[in-house]
Amino acid sequence: MMLLKIAWRNIWRSKLRSSVVLLAIASGMVGGLFSSAWMNGMANQRVRNDFDIETAHIQFHNPQFADNFDVRKTISNTDSKLRELKNIEGVEYVTSRIKSQAMAATANKNSGVTIVGVNPKTEKEVFKLYTKINEGDGDFFETKKRNSIVISKALAKDLKVKLKSKIILTFQDYNGEITGAAFKVIGIFKTQNSQWDKTTVFVKDADLRKVLDLPTDLSHEIDIVITDFNIAGETSKILQDKFPDILSEDWTEIKPYLSFISEYMDIMMGVFMLIILLALGFGIVNTMLMVILERTRELGMLMAIGMSKSRIFKMIMLETVLLSLLGAIIGEIISMLLINYYGSVGINIASMSEGLESVGYAATSYPALEFYKYIEITGLVLITGVLASIYPSFKALQLNPVEAIRTI
Amino acid sequence: MSIIKVKNLTKTYHDTEVPVHAVNGVNLEFKKGEFSAIVGPSGSGKTTLLNMIGGLEHPSSGMVEVNGTDMFELSSSALIEFRLMNIGFVFQAYNLIPVLTAKENVEFIMQLQNKDKKQMNERTISLLESVGLGDRLNSRPNQLSGGQQQRVAVARALASKPMFVLADEPTANLDSKATMQLLEIMEVLNREENITFIFATHDQRVVDKAHRVITIDDGKIISDESVSK
């Protein structure tokens, strides 16, 4: 207890120097944690955006469908599968889709697209694309009109169409015949992924099924939302066993880069924090060496009166660790406040929105950092403090008490 | 019976071109309850001798036996422990721990000895009262005068119940009044509690109070006289 008391009071012997060290540690923490939270928020948003708009958590396909998008590679008994899925614990929402590769043409231009045939009611439960249609840009199949189509703003610009314009879709039907139909634009959406926007159009399942000549109860995709996306892998395996005729894939298998984004951000944060901690570590070593130089006489006296080397080592180590921990805690509190604030109001970098959206990121991001990361960082700072104290403590132990006492 | 035996003690420094014999073949014995002063001019070797008696500095040859233990046969950590349990130190520049109060400074030694809290508290208060600082228990060194700080240092040196106390120029930084107060306190402790004090000094006031005066010059004992008081 006495050693702890001495170590703590020693920190405040030179208030200015300790404050500068604390400020340096706290600033390092804020810089590291806040930028990590920012990157993490961007990644989370990217991943969640993909869940909400493109992939859901788990997808079913005919095992051969993914190879070449062949419309004949379908999932059979879709309705009974949907019913069965709804009764499985952990499954929240399900919907089915039919898909086809097509050429979208207008009088001005044409473009290759993927047509997604949806059941508007269940589609809205699984996907949030309908929220990406701004007021005045139509709706997501609210009307019962036949052959209506929802396209993106980017595609509308490319094809030079607007609401109520007609688009001709040409594709191969279920029997292998080339067929086509005209669809009227009833909604224009805009997501954060401009590449995906340009190549995806939505029509009603019934309309597409008719043109494709696809028998009832066949579909190309079943999309599933579960209560916890973190266990999508395990759930997908369970579903695969239940439905052996289809291919069940979780979001990390459908879009491997999504899980890579999360892992990458973790690695980035690790590297970032490592650099900051390394710099802080050297700063702390330097400060503690100065402290020892200043207290040479005192340390000599302590050795002379019978303080063991292990206790002197512990005293210097305690002082270093306390200083580091205090700086870390101050930095973490400031970071937490900043992250919570910007996590709710968001950080908008409108000037970079086009660039960010071209790679699927939103211009407004919401910094977020899980609580365990703060604990992890505290642990890392503690380790840094202990490591940074080794050399100065070792230097202190090398002092000769008689020479040290003579020091002025 | 002697508690300290110094036999053929020499200390030679080889830092300069010509070796310096700071202590040269010294033989001495100290008995329990002595109040001795080692005197001599600057550079005579008195501090080096005192440091070797205290186990702070290793001799070039010879030995220092404290209560039958040859100190320099002990390992470095055992020697530190030996100093803690057997020897009290008072330094010229007080050398108190600046972040601790007078009470904590005295207690610190006993904490190193793992004494129990109650015993520690009672002894600290009684020691500080005996050096006339019963009312300054919670003052930090920078709130005390030089004389008061040195009195705390004496209380600290006695806290561990040492076999003897070594004091290197304890009055060098004190004015006359503080010097006399300190010497009186140490004399009373010596007389009433039979505590052994060995001083290295060139302060005549200390020499005047000493019961034995050992004069050293060029590292050799010139005279060793008992003074009847």
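With each label modelled as a point 7 angstrom along the Cα→C-beta vector, the residue A:322-residue B:212 pair spans 4.4 nm. Accessible surface area normalised per residue over segment B:2-226 is 41 Å², counting heavy atoms of protein chains with a 1.4 Å rolling probe. Beta bridges assigned by DSSP with both partners in segment A:63-245 are antiparallel in approximately 75 percent of cases. Treating r as the C-beta distance of residue A:310 and residue B:70 and R0 as 25 Å, the FRET efficiency rounds to 0.55. Computing FRET efficiency as 1/(1 + (r/R0)^6) for residue A:77 and residue A:263, where r is the C-beta to C-beta distance and R0 is 45 Å, gives about 0.75.
Shape annotation for chain B: C-alpha extents along the principal axes are 50, 39, 38 Å, from largest to smallest. The GluC sites (Glu not before Pro) found in segment A:80-117 that occupy coil by DSSP, while having at most 10 further C-beta atoms within 10 Å, are A:89.
First measure r as the distance between the Cβ atoms of residue A:135 and residue A:103, then evaluate 1/(1 + (r/R0)^6) with R0 = 22 Å and state the FRET efficiency to the nearest 0.05. For residue A:135 and residue A:103, the calculated efficiency is 0.10. Estimated from helices alone, the mean residue ellipticity of chain B at 222 nm is -11000 deg cm²/dmol (sum of -39500 (n - 2.57) over DSSP H runs with n ≥ 4, per residue). Taking label points 7 Å from Cα along the Cα-to-Cβ direction, residue B:15 and residue B:226 give a separation of 3.8 nm.
Within the protein assembly as shown, the percentage of alpha carbon pairs spaced more than 34 angstrom apart rounds to 62%. Between segment B:51-80 and segment A:280-318, the C-alpha centres lie 25 angstrom from each other.
Summed over qualifying helices (DSSP H, 4 residues or more, each -39500 (n - 2.57)) and divided by its residue number, chain A shows a 222 nm mean residue ellipticity of -18000 deg cm²/dmol.
Under 20 Å of direct C-alpha separation, and excluding same-chain neighbours fewer than eight residues apart, residue A:109 reaches these aspartates and glutamates: A:158, A:197.
In summary, the helical segments of chain A meeting the span-like criteria, namely a full DSSP H run, a Cα extent along the axis of 24 angstrom or more and a mean Kyte-Doolittle hydropathy of at least 0.5, are A:256-294, A:309-345, A:371-397. Starting from the Cα of residue A:178, step 7 Å toward the Cβ, then list every residue of segment A:99-138 with an amide N under 12 Å from that point. Within reach of a label on residue A:178: A:103. Quick check of the Kirkwood formula: for segment A:294-392, what is the inverse mean of 1/r over all pairs of different Cα atoms, in Å? When all Cα pairs of segment A:294-392 are included, the Kirkwood radius is 17.1 Å.
The values are calculated or read from the model by the stated rules, or taken from the named source; none is laboratory data. What you see is a predicted model, and the numbers here were worked out from it, not measured in a lab. Cβ: placed from backbone, ideal geometry, glycine included. Neighbour counts: every protein chain shown. The area values use the complete protein model at the heavy-atom level, side chains included, leaving out ligands, DNA and RNA. Shrake-Rupley method; radii C 1.70, N 1.55, O 1.52, S 1.80 Å.
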